[in-house]
Amino acid sequence: MNGSSAQKRQVYMDHAATTPTHPDVLAAMLPYFTQEFGNPSSLYSIGRRVRKAVEGAREQVAAALGAAPAEIFFCAGGTEADNWALKGAVSAHRSRGSHIITTAIEHHAVLHTCEYLETQGVRVTYLPVDRYGLVDPHAVEDAICDDTIMISVMMANNEAGTIEPVGAIGTIAREHGILFHTDAVQAIGHLPIDVEAMHIDLLSLSAHKFHGPKGIGALYVRDGVAIERFVHGGAQEKRRRAGTEYTPGIIGLGAAIERACTDIEGHAARLRRLRDRLIDGVLREVPHSALNGHPELRLPGNASMSFAGIDGEALLLMLDAQGIYGSTGSACSSASGEPSHVLTAMGVPPRLAGTSLRLTLGEVNTDEDVDYVLAVLPGIVERLRAMSPLSA
Amino acid sequence: MYNETVMDHFTNPRNVGVLEDADVVAETSSPGCGDITKIYLKIRDNRIVDVKFQTLGCAAAIASSSMATELVKGKTLEEAWTLTRTDVADALGGLPEPKLHCSVLAEDAIRTAINQYRIDRGLAPW
Ligand SMILES: Cc1ncc(COP(=O)(O)O)c(C=O)c1O
Ligand SMILES: [Zn+2]
């Protein structure tokens with residue numbers, strides 16, 4: 001490899017942010033833009049053919065979760081699914097109570113929805129996590145009140161990568177007759193999911209996190225669980241989510257989830273090996289670096305680390321200049337100007353949270369990618385530290 | 001998000017490092033985001049003849065320090081005192097709105113250094 005081609009190497013390690021649509025997924029979608037463009041609600045043949053394809057995709061999503069197809073409702077992605085689950089359950093169960101239990105480390109799609117619900121008179125308990133980002137199921141149980149209607153705990157955290165004890169929490173919710181929602185946006189294709197065994201009543205997912213298209217997702221709603229409609233209008237999705245279906249997206253979601261959930265264990269084992277090489281290499285090569293999150297109970301592709309004495313945004317942009325794409329919990333790079341709420345909830349001091357870098361691996365990453373990051377990253381950290389007033 | 005000038009001053013910062021024979025050194029930090037900037041000035045006949053900086057911070061903070069040191073180099077203390085965050089941001093061709101607070105540090109550090117220099121010489125701070 002000559003110098004210039006070495007510099008042009010591109011290493012995408014931000015799969016928790018989004019993933020490229022897989023060519024097979026795109027190929028499955030394309031006919032539904034042009035030839036098979038019919039409205040699935042139309043009674044004539046091209047409408048009926050598209051209806052059949054949409055229902056096929058619903059079966060694919062259901063199969064990935066151990067659910068029945070009638071329990072899958074397509075919507076515009078993870079954010080809408082989270083909004084719908086929380087607002088819809090609160091409206092449908094208001095007569096039973098007005099208390100929700102969630103955690104301090106949820107995605108903003110859950111947290112900001114809860115904050116909105118608080119303005120509408122709902123009480124919300126935001127459970128703390130330990131230094132690994134783990135929610136304690138006993139704390140969930142202790143937080144239950146007479147008027148608790150819902151527990152919402154994510155299956156795996158998008159920043160720290162920590163995998164939550166969702167099965168244990170689901171069991172507690174079921175014993176108390178309380179709805180259990182989980183944001184599984186980061187988990188699909190990385191962790192085996194069974195809504196029956198885990199006692200999940202509502203589950204959010206989003207196609208673009210597993211090589212499907214952006215702007216399409218689904219909410220699983222257990223049969224018999226009442227949830228108010230969120231988008232009002234036509235009779236689509238059994239009158240629960242109005243609007244002409246984004247049919248190419250739905251087909252893409254179905255194709256992507258089937259791909260992602262074929263051989264989850266093999267895929268996860270491959271990612272885990274690369275991730276551990278990356279983490280071990282970085283922690284070895286870079287002094288004063290530390291892993292964020294749990295050493296074992298973490299998403300197979302997640303390497304979130306802090307580098308005391310530098311700023312995460314500066315690190316991210318220096319890596320970008322070398323063709324490496326990651327993300328950071330730096331306050332300076334967030335719109336709010338606050339360091340990551342996830343890392344601070346884990347007890348990471350705000351200043352250290354601001355030094356964090358999240359690299360999330362996906363199926364396209366190779367050993368060479370890991371080698372390249374290990375060759376580039378330590379030097380960048382050293383250079384940034386040398387620029388810092390704390391260095392001398 | 002950043003323009004080419006900002007990225008240039010971030011990836012190839014001018015005047016970065018320690019000035020061993022500095023006449024005055026000052027450090028300021030941003031309570032919000034935790035960015036820190038340290039400025040070293042060498043002053044002869046009321047003129048900044050050399051300047052260096054060290055910054056722990058985001059790209060905007062590093063680029064602002066780099067540009068601010070370029071702008072005050074060779075200037076009299078009176079001229080350097082008038083440097084504002086707007087001058088620095090303008091010279092960089094603009095900074096994103098949420099990043100403007102990061103450009104304050106260099107200006108603050110330079111002014112703190114100038115006043116310290118005056119105090120050291122028994123003069124009233126500006
Ligand atoms: C845990 C989690 N929940 C929800 C979302 C939002 O999903 P979407 O981008 O499909 O709206 C994301 C993605 O950013 C996520 O990581
Ligand atoms: Zn900053």
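Key figures for this structure:
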quantity	calculated
Cβ-Cβ under 6 Å pairs, at least 6 apart or on other chains, the stretch B:32-53 side closer than 30 Å to A:S340 by Cα and touching a residue at least 24 places away in the same chain (Cβ under 8 Å), far side away from ligand 2 (no atom under 16 Å from the Cβ) and hydroxyl-bearing (S, T, Y)	B:F53/B:T69
Failed condition for A:N39, given (1) open to solvent by 20 Å² or more (accessible area, probe 1.4 Å); (2) of a type outside the set (K, R); (3) modelled with pLDDT under 95	(3)
Candidate set: the stretch A:258-304, residues that are open to solvent by less than 50 Å² (accessible area, probe 1.4 Å) and among the β-branched types (V, I, T); chosen: the one nearest to A:V342 (Cα to Cα)	A:I279
Enumerated helices (runs of 4 or more DSSP H) restricted to the stretch A:299-392, each holding at least 2 residues that are free of Cβ contacts under 8 Å to residues at least 24 places away in the same chain	A:312-321, A:350-353, A:367-387
Which numbered condition B:L105 fails, given (1) more than 14 Å from every other protein chain (Cβ to nearest Cβ); (2) within 14 Å of ligand 2 (Cβ to nearest atom)	(1)
Every pair of residues 6+ apart whose Cβ atoms lie under 7 Å, when the first sits in the stretch B:82-103 and is over 21 Å from B:I114 (Cα atoms) while the second is β-branched (V, I, T) and away from ligand 2 (no atom under 13 Å from the Cβ)	B:L92/B:T5; B:G93/B:T5
Among residues of the stretch A:124-164, those that are open to solvent by 30 Å² or more (accessible area, probe 1.4 Å) and polar (S, T, N, Q), counted	1
Residue match in the stretch A:242-256 (condition: crowded, with 20+ Cβ neighbours inside 10 Å and at positive phi)	no
Subset of the stretch B:13-31 (residues that are in contact (Cβ under 8 Å) with a residue 12 or more places away in the chain and either more than 10 Å from chain A (Cβ to nearest Cβ) or of a type in the set (V, I, T) (or both))	B:R14, B:N15, B:V16, B:V18, B:L19, B:D21, B:A22, B:D23, B:V24, B:V25, B:A26, B:T28
Helices (runs of 4 or more DSSP H) lying entirely in the stretch B:39-126 (those with 1 or more residues that are over 16 Å from B:V24 (Cα atoms) and of a type in the set (S, T, Y))	B:59-72, B:85-91
Scan of the stretch A:355-381 for residues that are within 14 Å of chain B (Cβ to nearest Cβ) and open to solvent by 10 Å² or more (accessible area, probe 1.4 Å), ordered by number	A:V376, A:G379, A:I380
Sole exception among (1) among the hydrophobic types (A, V, I, L, M, F, W, C); (2) surrounded by fewer than 19 Cβ atoms within 10 Å (Cβ to Cβ); (3) part of a loop (DSSP other than H, G, I, E, B) for B:M7, by number	(3)
Pair list, Cβ under 9 Å, 6 or more apart: the stretch A:80-93 residue closer than 16 Å to A:D223 by Cα and at pLDDT 95 or above, other residue part of a helix (DSSP H, G or I) and not aliphatic (A, V, I, L, M)	A:A85/A:T113
Residue match in the stretch B:36-55 (condition: over 26 Å from B:I119 (Cα atoms) and touching a Leu at 6+ places or on another chain (Cβ under 8 Å))	no
Enumeration of residues in the stretch B:28-44 that are open to solvent by 50 Å² or more (accessible area, probe 1.4 Å) and modelled with pLDDT of 95 or more	B:R44
B:A68 open to solvent by less than 60 Å² (accessible area, probe 1.4 Å) and away from ligand 2 (no atom under 16 Å from the Cβ)	no
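Rundown of residues vs (1) more than 16 Å from ligand 2 (Cβ to nearest atom); (2) farther than 14 Å from A:G161 by Cβ, yes/no style:
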{"site": "A:H288", "(1), (2)": "yes, yes"}
{"site": "A:L299", "(1), (2)": "yes, no"}
{"site": "A:I310", "(1), (2)": "no, yes"}
{"site": "A:A314", "(1), (2)": "no, yes"}
{"site": "A:M318", "(1), (2)": "no, yes"}
{"site": "A:S356", "(1), (2)": "no, no"}
{"site": "A:T366", "(1), (2)": "yes, yes"}
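Residue-wise test of (1) within 16 Å of ligand 2 (Cβ to nearest atom); (2) out of contact with any Lys or Arg (no Cβ under 9 Å at 6 or more places or on another chain); (3) not in a helix (DSSP H, G or I).
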{"residue": "A:K87", "(1), (2), (3)": "no, yes, no"}
{"residue": "A:S95", "(1), (2), (3)": "no, yes, yes"}
{"residue": "A:L117", "(1), (2), (3)": "no, no, no"}
{"residue": "A:V124", "(1), (2), (3)": "no, yes, yes"}
{"residue": "A:L134", "(1), (2), (3)": "no, yes, yes"}
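The values are calculated or read from the model by the stated rules, or taken from the named source; none is laboratory data. Remember, it's a predicted structure, so these values are computed and weren't measured experimentally. Note that we place each Cβ from the backbone using ideal geometry, even for glycine, and neighbour counts take in every protein chain shown. Quick note on the areas: whole protein, heavy atoms, side chains included, nothing else; ligands and nucleic acids left out. Shrake-Rupley method; radii C 1.70, N 1.55, O 1.52, S 1.80 Å.
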